Amino acid sequence: MTRPTVAVWKFASCDGCQLTIIDCEDELLAIAAALDLRMFLEAGPSELLDHYDLSLVEGSITTEHDAERIRDVRERSGLLITIGACATAGGVQALRNTADVGAFTAAVYARPEWIHTLATSTPIADHVKVDLELRGCPVSKEQLLATITALLAGRRPSVTSHSVCVECKQAGNACVLVAHGAACLGPVTHAGCQALCPSLQRGCFGCFGPSEAANVDALHATWRATGLDDGELVRTLLTFNAAAPVFADGAQRVQFRAKEDV
């Protein structure tokens with residue numbers, strides 16, 4: 001049986017999702033045996049082919065060069081799967097989308113005129129067709145392995161659409177928002193982390209982005225009833241998935257209502 005050719009590509013990111021692939025540890029040898037890894041600079045291979053059966057893409061688009069490069073990657077790829085918050089929602093760097101990038105570069109770099117960057121950080125799907133998105137900061141190892149296994153078996157991967165709250169209930173956790181008054185985005189966040197933070201008595205930070213039925217307005221009402229600060233909700237929404245429309249628009253509404261109450 002011919003092994004599918006695979007490429008792993010990096011755009012604007014911290015490399016954490018690529019490291020998740022390497023961190024598969026016990027499964028890594030089986031993955032290497034089942035896949036023909038031809039491009040994965042983090043791990044070594046760097047063979048540029050005209051076609052890859054599967055491309056895994058980490059990172060967001062923040063430069064004109066990368067906007068051109070992702071189109072080239074799309075043309076070379078059979079299936080293209082984006083992995084992680086940067087690739088699926090612009091990442092933490094999407095905080096620039098509502099800021100003055102020129103002021104940032106002037107404050108950080110001695111020669112800001114040498115820096116060529118876009119004013120926004122955007123997900124891969126804003127530029128090319130994406131076949132599947134795996135969210136998270138970083139991406140879930142379990143979801144990644146399940147996706148690769150499904151593709152090798154010739155079936156469509158199954159990705160959950162419910163919120164972190166479902167995973168909390170499955171784990172038998174008490175609700176940290178209701179029981180402890182912890183700032184938690186679990187009710188509006190896509191599942192996939194196995195409720196990691198709430199299982200450690202910490203609120204969800206929204207690493208996996210908005211769930212399909214996310215209701216930020218209802219969460220805002222619950223936060224207020226619990227005595228939590230509006231500003232805390234805005235800051236939490238605008239972190240890992242700052243450019244995700246549900247979170248970005250929800251944060252704007254929270255800010256508007258806070259001003260109305262003044």
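Taking the options SER60, SER77, name whichever one is surrounded by 13 or more Cβ atoms within 10 Å (Cβ to Cβ), closer than 19 Å to PRO138 by Cα, hydroxyl-bearing (Ser, Thr, Tyr) and assigned by TED's automatic domain parsing to the domain that holds GLY102.
Working: SER77 fails: closer than 19 Å to PRO138 by Cα.
Sole residue among the options that is surrounded by 13 or more Cβ atoms within 10 Å (Cβ to Cβ), closer than 19 Å to PRO138 by Cα, hydroxyl-bearing (Ser, Thr, Tyr) and assigned by TED's automatic domain parsing to the domain that holds GLY102: SER60.
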In the range 142-167, anything more than 27 Å from ASN215 (Cα to Cα) and surrounded by fewer than 19 Cβ atoms within 10 Å (Cβ to Cβ) is listed as LEU145, ALA146, THR149, ALA150, LEU152, ALA153, GLY154, ARG155, ARG156
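Out of curiosity, is ASP23 out of contact with any helix residue (DSSP H, G or I) (no Cβ under 6 Å at 6 or more places or on another chain), within 19 Å of ALA153 (Cβ to Cβ) and in contact (Cβ under 8 Å) with a residue 12 or more places away in the chain?
On the way: out of contact with any helix residue (DSSP H, G or I) (no Cβ under 6 Å at 6 or more places or on another chain): yes; within 19 Å of ALA153 (Cβ to Cβ): no; in contact (Cβ under 8 Å) with a residue 12 or more places away in the chain: yes.
No, not satisfied.
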Can you find a residue in the range 1-13 that is on the phi > 0 side of the Ramachandran plot, of a type in the set (D, E, K, R) and loosely packed, with under 15 Cβ neighbours inside 10 Å?
no
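LEU185: under 21 Å from ALA94 (Cβ atoms) and in contact with a Leu (Cβ under 9 Å, 6 or more places away or on another chain), yes or no?
Working: under 21 Å from ALA94 (Cβ atoms): yes; in contact with a Leu (Cβ under 9 Å, 6 or more places away or on another chain): yes.
Here the answer is yes, as LEU185 does meet what is asked.
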Looking at LEU177 and the list (1) in a loop (DSSP other than H, G, I, E, B); (2) more than 18 Å from the chain's Cα centre (by Cα); (3) aliphatic (A, V, I, L, M), which single condition is not satisfied?
(1)
Do we find a residue being surrounded by 23 or more Cβ atoms within 10 Å (Cβ to Cβ), of a type outside the set (A, V, I, L, M, F, W, C) and closer than 17 Å to GLY84 by Cβ anywhere in the range 244-262?
no
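Select from the range 182-201 the residues that are touching a residue at least 40 places away in the same chain (Cβ under 8 Å) and over 19 Å from ASN215 (Cα atoms) and write down the one among them that is nearest to the chain's Cα centre (by Cα). Steps first, answer last, please.
Filtering the range 182-201 for residues touching a residue at least 40 places away in the same chain (Cβ under 8 Å) gives 183, 185, 188, 190, 192-194.
Among the residues that remain, those that are also over 19 Å from ASN215 (Cα atoms) are: 193-194.
Working: CYS193: 12, GLN194: 15 Å.
Here the residue is CYS193.
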Leading residue by the ranking (modelled with the lowest pLDDT) among those in the range 241-260 that are in contact with a strand residue (DSSP E or B) (Cβ under 9 Å, 6 or more places away or on another chain) and part of a loop (DSSP other than H, G, I, E, B):
ALA243
In the range 124-138, is there at least one residue being out of contact with any helix residue (DSSP H, G or I) (no Cβ under 6 Å at 6 or more places or on another chain), surrounded by 14 or more Cβ atoms within 10 Å (Cβ to Cβ) and assigned to a helix (DSSP H, G or I)?
yes
So which residues in the range 41-74 are of a type in the set (Asp, Glu) and farther than 28 Å from ILE115 by Cα?
GLU47, ASP50, ASP53
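Can you confirm whether LEU28 is of a type outside the set (S, T, N, Q), closer than 26 Å to PHE208 by Cβ and assigned to a strand (DSSP E or B)? Can you show your working first?
On the way: of a type outside the set (S, T, N, Q): yes; closer than 26 Å to PHE208 by Cβ: yes; assigned to a strand (DSSP E or B): no.
In short, no.
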Within the range 37-60, identify whether any single residue is more than 18 Å from the chain's Cα centre (by Cα), closer than 27 Å to PRO245 by Cα and among the hydroxyl-bearing types (Ser, Thr, Tyr), and answer yes or no.
no
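The values are calculated or read from the model by the stated rules, or taken from the named source; none is laboratory data. From a predicted model like this one, the values you see are computed outputs, not experimental measurements. So basically every Cβ, Gly included, is an ideal-geometry build from the backbone, and we count neighbours across all protein chains shown.
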